[in-house]
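J.: My questions all concern the structure below.
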């Protein structure tokens with residue numbers, strides 16, 4: 001097989017031939033060479049014109065192939081350009097029979113491991129001729145057979161001493177003898193072509209970069225508009241539902257806002273999609289290992305990711321998820337669902353900007369709630385301390401959802417303030433949240449004080465039956481809280497009907513709370529009304545004297561019998577001095593009750609049925625009951 005000569009070799013041969021020829025023959029040879037060179041230059045005049053008009057690279061390459069075929073007297077030409085990684089891929093082609101064959105050539109690659117022919121052109125940077133393509137070991141035979149190649153000339157496109165491409169010429173299905181002159185023409189043509197092609201490639205890259213810059217600028221402008229619309233909506237007072245609806249309009253897709261447990265907070269979808277329920281990620285989908293990994297990888301550096309569709313678990317659409325982060329803590333997810341138009345990078349940008357705006361909005365709402373809650377707590381403190389005039393308290397009440405024209409009660413929970421327990425705000429929030437859940441009312445006003453949480457509960461009428469019913473609900477609240485807080489006694493005030501009632505009720509609760517600690521009333525739920533006369537004793541500050549009085553009052557009876565008399569006396573007082581009711585309560589005959597009352601009179605030297613004795617006994621037994629005796 002023949003590899004045609006390099007340019008220097010061909011030049012020396014021409015000079016030798018000219019030296020051995022007559023002057024006339026040498027002149028003829030020189031004229032022939034000059035003619036071919038002029039033909040090359042003439043062919044390039046059209047190529048130059050095409051290049052100046054800033055034609056597409058493919059069109060320019062196709063024209064180069066066409067002109068080279070005409071110069072070489074062949075019928076087919078293909079051009080390959082070097083890409084990243086050193087691969088040479090088909091760029092354009094021309095065939096005299098069919099015209100532009102660029103699409104077919106683009107599917108080809110040159111210079112790979114089995115293509116020794118192309119590798120030789122690249123490594124030597126010289127034209128290489130294959131005279132018998134089907135039997136020569138260098139070319140890729142299957143490619144040669146497919147293209148019906150018999151003989152082929154390969155020429156490198158060299159620019160700045162680098163092979164930037166390859167040109168192959170042949171005559172389909174026929175032999176062709178490539179002369180030294182043909183090779184020189186091809187070399188010169190390739191040299192000139194390389195200049196234009198390198199410039200055209202540069203222009204194509206610049207156009208591509210300019211187009212990319214234009215696209216990026218358009219994207220940035222659009223995202224700037226998105227950000228402006230989102231922030232404007234928030235500044236105008238839009239809530240998170242309105243922001244999610246706006247995101248749905250901007251993306252033309254369903255948008256879902258989740259909390260950390262993937263419960264839907266709010267969602268929106270374009271009306272044209274006719275969704276009647278949010279397209280969510282089910283527990284079954286989230287339990288997939290791949291989905292769990294995708295969700296776990298979401299962070300500040302990787303704010304969004306796509307959960308692929310998986311029909312096996314019923315997920316027919318891709319979901320773009322963006323992590324919501326508020327004050328450095330995960331606070332939910334924002335999802336855009338692929339419906340209609342496919343998910344694109346712009347959707348991720350919309351989601352990330354939307355998540356940021358929503359996070360700020362949610363933080364703002366949280367701060368507003370905290371501020372309003374603090375203001376309400378301050379108002380309740382003023383109400384309990386009587387530090388504001390009545391008109392001021394009544395006027396400001398509705399601002400915090402407190403209507404002082406209806407009755408309320410105060411519920412005091414004694415709470416352990418030991419180190420390691422919940423913070424004051426966390427304790428208060430836990431108590432009010434539990435009231436909201438159990439009583440199914442808005443979170444009530446509350447204030448955290450040292451050793452206690454005071455909660456304000458509205459009533460309908462404020463009668464004893466309503467307060468007793470509330471006691472049952474407070475019992476349910478306490479049961480829920482007992483596993484999370486170290487609670488002491490829980491005390492419910494009397495109904496407060498005017499603003500001046502609240503400081504008095506609060507003072508009584510505080511005093512009873514102090515007595516509760518002394519008497520170890522842990523776990524008990526009391527109402528002030530059931531304390532009766534003992535409230536007067538507590539308010540007087542003579543609790544010790546009251547306990548001493550109670551012990552002294554019943555000592556004679558307690559020391560005299562085995563407990564039957566004392567039990568009868570206690571039941572008689574509870575029955576409001578009625579012997580028959582006492583007998584029923586104890587399950588004995590009424591005469592037995594009268595006999596025992598006589599014995600009590602004999603022991604104490606006081607008539608237990610007299611009004612004075614009944615009042616004293618009620619006080620004594622109530623003190624003993626409260627003392628747990």
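The values are calculated or read from the model by the stated rules, or taken from the named source; none is laboratory data. Fair warning: this is a prediction, and the values are worked out from it, not measured in the lab. Quick reminder, even Gly has a Cβ in these numbers, built from the backbone with ideal geometry, and neighbours come from all protein chains shown.
J.: Output the number of residues of segment 271-295 satisfying the condition of being buried (at least 17 other Cβ atoms within 10 Å of the Cβ) and free of Cβ contacts under 8 Å to residues at least 24 places away in the same chain.
T.: Looking only at that region, the number is 1.
J.: Let me ask you something else. Could you list all residues from segment 453-488 that are part of a loop (DSSP other than H, G, I, E, B) and either more than 37 Å from the chain's Cα centre (by Cα) or surrounded by fewer than 16 Cβ atoms within 10 Å (Cβ to Cβ) (or both)?
T.: Scanning segment 453-488 gives 459, 460, 461, 462, 463, 482, 483, 484, 486.
J.: Suppose the filter is surrounded by fewer than 21 Cβ atoms within 10 Å (Cβ to Cβ) and either in contact with a helix residue (DSSP H, G or I) (Cβ under 7 Å, 6 or more places away or on another chain) or not assigned by TED's automatic domain parsing to the domain that holds residue 444 (or both); does residue 499 pass it?
T.: Taking the combined requirement at face value, the residue satisfies it.
J.: Listed residues 298, 265, 257, 250; which is touching a helix residue (DSSP H, G or I) at 6+ places or on another chain (Cβ under 6 Å), surrounded by 15 or more Cβ atoms within 10 Å (Cβ to Cβ) and either outside any helix (DSSP H, G or I) or free of Cβ contacts under 8 Å to residues at least 24 places away in the same chain (or both)?
T.: Numbers: 298 fails: touching a helix residue (DSSP H, G or I) at 6+ places or on another chain (Cβ under 6 Å); 265 fails: touching a helix residue (DSSP H, G or I) at 6+ places or on another chain (Cβ under 6 Å); 250 fails: either outside any helix (DSSP H, G or I) or free of Cβ contacts under 8 Å to residues at least 24 places away in the same chain (or both).
Checking each option against the conditions leaves just 257.
J.: Out of the residues in segment 378-391 that are modelled with pLDDT under 80 and assigned to a helix (DSSP H, G or I), state the one that is surrounded by the most Cβ atoms within 10 Å (Cβ to Cβ).
T.: Across segment 378-391, the extreme among qualifying residues is 390.
J.: Among 396, 412, which is in contact (Cβ under 8 Å) with a residue 12 or more places away in the chain, surrounded by 12 or more Cβ atoms within 10 Å (Cβ to Cβ) and over 22 Å from residue 471 (Cβ atoms)? Please lay out each step first, then the result.
T.: On the way: 412 fails: over 22 Å from residue 471 (Cβ atoms).
Only one candidate qualifies: 396.
J.: Quick one: residue 339 ticks every box in (1) surrounded by 15 or more Cβ atoms within 10 Å (Cβ to Cβ); (2) touching a residue at least 40 places away in the same chain (Cβ under 8 Å); (3) not in a loop (DSSP other than H, G, I, E, B) except a single one, so which number is it?
T.: Exception for residue 339: condition (3).
J.: Now, a different point. Against the definition (at pLDDT 80 or above, over 30 Å from residue 512 (Cα atoms) and either in contact with a strand residue (DSSP E or B) (Cβ under 8 Å, 6 or more places away or on another chain) or surrounded by 15 or more Cβ atoms within 10 Å (Cβ to Cβ) (or both)), how does residue 571 come out, yes or no?
T.: So residue 571 fails the test.
J.: Only one residue in 194, 186, 151, 238 is surrounded by 14 or more Cβ atoms within 10 Å (Cβ to Cβ) and closer than 30 Å to residue 349 by Cβ, so which one is that?
T.: 238
J.: Can you name the condition, by its number, that residue 125 falls short on among (1) touching a helix residue (DSSP H, G or I) at 6+ places or on another chain (Cβ under 8 Å); (2) within 21 Å of residue 199 (Cα to Cα)?
T.: Of the numbered conditions (1) touching a helix residue (DSSP H, G or I) at 6+ places or on another chain (Cβ under 8 Å); (2) within 21 Å of residue 199 (Cα to Cα), the odd one out for residue 125 is (1).
J.: What's the number of the only condition in (1) in the same structural domain as residue 242 (by TED's automatic domain parsing); (2) in a strand (DSSP E or B) that residue 409 fails to meet?
T.: (1)
J.: Answer with yes or no whether residue 354 is part of a helix (DSSP H, G or I), at negative phi and touching a helix residue (DSSP H, G or I) at 6+ places or on another chain (Cβ under 7 Å).
T.: The answer is yes for residue 354.
J.: Check whether at least one residue in segment 205-219 is more than 28 Å from residue 59 (Cβ to Cβ) and not assigned by TED's automatic domain parsing to the domain that holds residue 64, and report yes or no.
T.: Initial filter on segment 205-219 (more than 28 Å from residue 59 (Cβ to Cβ)): 219.
If we keep only those that are not assigned by TED's automatic domain parsing to the domain that holds residue 64 too, we end up with 219.
Yes, there is a match, as at least one residue in segment 205-219 is more than 28 Å from residue 59 (Cβ to Cβ) and not assigned by TED's automatic domain parsing to the domain that holds residue 64.
J.: Here's a follow-up. Select the strands (runs of 3 or more DSSP E) contained entirely in segment 93-196, then report the ones holding at least 2 residues which are modelled with pLDDT of 90 or more and over 20 Å from residue 69 (Cα atoms).
T.: Result: 162-170.
J.: Out of curiosity, is residue 233 at pLDDT 80 or above, buried (at least 17 other Cβ atoms within 10 Å of the Cβ) and over 17 Å from the mean Cα position of the chain (by Cα)?
T.: Values: at pLDDT 80 or above: no; buried (at least 17 other Cβ atoms within 10 Å of the Cβ): yes; over 17 Å from the mean Cα position of the chain (by Cα): yes.
For residue 233, the condition - at pLDDT 80 or above, buried (at least 17 other Cβ atoms within 10 Å of the Cβ) and over 17 Å from the mean Cα position of the chain (by Cα) - is not met.
J.: What's the number of the only condition in (1) at pLDDT 80 or above; (2) under 16 Å from residue 106 (Cβ atoms) that residue 86 fails to meet?
T.: Going through (1) at pLDDT 80 or above; (2) under 16 Å from residue 106 (Cβ atoms) one by one, residue 86 breaks only (2).
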